[in-house]
Amino acid sequence: MSTTDFARAVQATPLGLFVQSADPRLIEGAQLCHVFGLTLVLATVLLLGLRLLGAALGEVPVPRLARALAPLWGAGLAVTVLSGATLFLSAALVYDHNRVFWTKLALLLLAAALQALLLWRTRQPRALRPVLSSTLGAGSLVLWAGVGMAGRAIGFV
C-alpha cells in the first residue's frame, strides 16, 4: 500500500469524513492544541537538554529533573500527536504530497525515541557518562528543533 493509498483510505474513514465536514473551528482548535502540545514538549526537552549540557539548572540533580519532566513531556507529546492526527485527517492527501510533512514525521519519531530513552535512562540511579549525556542532550535539542522547523515549513512547501 502506497502512502497515497493510505491517505485516501484515512480520509474515507468515518472519523476522516467527520473532521473534513466539521466546523472550521475544529481545525483551528486542533492547530492551537498542536502548538500548545509542541510548546510543552519543547520546554521539557530544552530544560533537560540544557541540564545535560551543563548550561542551566546545575544545582538540580538530573534524575530529579527527569522524573519531574517525564509526565509533562508525555502529556505534551500526547496532545501534539492527537491534534496532529486530527490535522492529518482533515487533509491527508494534501499532506501525503508534502515532502516536508514526511521529513517532520521521521524527525518526530527519532526525536521522541531519543527523548524517551533520555528520560528513562537519566532517571536511573547510575548516571550516564558526561560526554554521552552531553552528546545525547545536544542531539535531542537538534532533532526537536528540526521537528519544529519542519512543522512550520509544511505550510510553505
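Let's see how each residue does on (1) over 17 Å from the mean Cα position of the chain (by Cα); (2) small (Gly, Ala, Ser); (3) closer than 29 Å to PRO14 by Cα:
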{"position": "GLY54", "(1), (2), (3)": "yes, yes, no"}
{"position": "ALA91", "(1), (2), (3)": "yes, yes, yes"}
{"position": "HIS97", "(1), (2), (3)": "yes, no, yes"}
{"position": "LEU136", "(1), (2), (3)": "no, no, no"}
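Go over the candidates TRP102, TRP73 one by one and state the one that is surrounded by fewer than 20 Cβ atoms within 10 Å (Cβ to Cβ), within 18 Å of the chain's Cα centre (by Cα) and touching a residue at least 12 places away in the same chain (Cβ under 8 Å). Walk me through it before giving the result.
Numbers: TRP73 fails: surrounded by fewer than 20 Cβ atoms within 10 Å (Cβ to Cβ).
Every option except TRP102 fails the conditions.
List pairs: first in region 139-157 and of a type outside the set (S, T, N, Q), second in a loop (DSSP other than H, G, I, E, B), Cβ under 7 Å, 6+ apart or cross-chain?
As it stands, the answer is ILE154/ASN98; VAL157/ASN98, since those pairs meet every condition given.
Let's see how each residue does on (1) surrounded by 14 or more Cβ atoms within 10 Å (Cβ to Cβ); (2) without any contact (Cβ under 8 Å) to a residue 12 or more places away in the chain:
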{"residue": "THR4", "(1), (2)": "no, no"}
{"residue": "VAL10", "(1), (2)": "yes, no"}
{"residue": "PRO14", "(1), (2)": "no, yes"}
{"residue": "LEU17", "(1), (2)": "no, yes"}
{"residue": "ASP23", "(1), (2)": "no, yes"}
{"residue": "GLU28", "(1), (2)": "no, yes"}
{"residue": "GLN31", "(1), (2)": "yes, no"}
{"residue": "LEU38", "(1), (2)": "yes, no"}
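Name the pairs: first residue in region 76-98 and under 15 Å from THR4 (Cα atoms), second residue of a type in the set (Ser, Thr, Tyr) and crowded, with 19+ Cβ neighbours inside 10 Å, Cβ to Cβ under 6 Å, at least 6 apart or on different chains?
PHE88/TYR95
Looking at ARG99 and the list (1) in contact with a Phe, Trp or Tyr (Cβ under 9 Å, 6 or more places away or on another chain); (2) among the charged types (D, E, K, R); (3) at pLDDT 90 or above, which single condition is not satisfied?
All conditions pass for ARG99, except number (1).
Which residues, taken from region 112-127, are free of Cβ contacts under 8 Å to residues at least 60 places away in the same chain and either among the aliphatic types (A, V, I, L, M) or under 17 Å from ALA70 (Cα atoms) (or both)?
Scanning region 112-127 gives ALA112, ALA113, LEU114, ALA116, LEU117, TRP120, ARG121.
The values are calculated or read from the model by the stated rules, or taken from the named source; none is laboratory data. Keep in mind that what you see is a predicted model, and the values were worked out from it rather than measured. We place every Cβ from the backbone using ideal geometry, glycine too, and count neighbours over all the protein chains shown.
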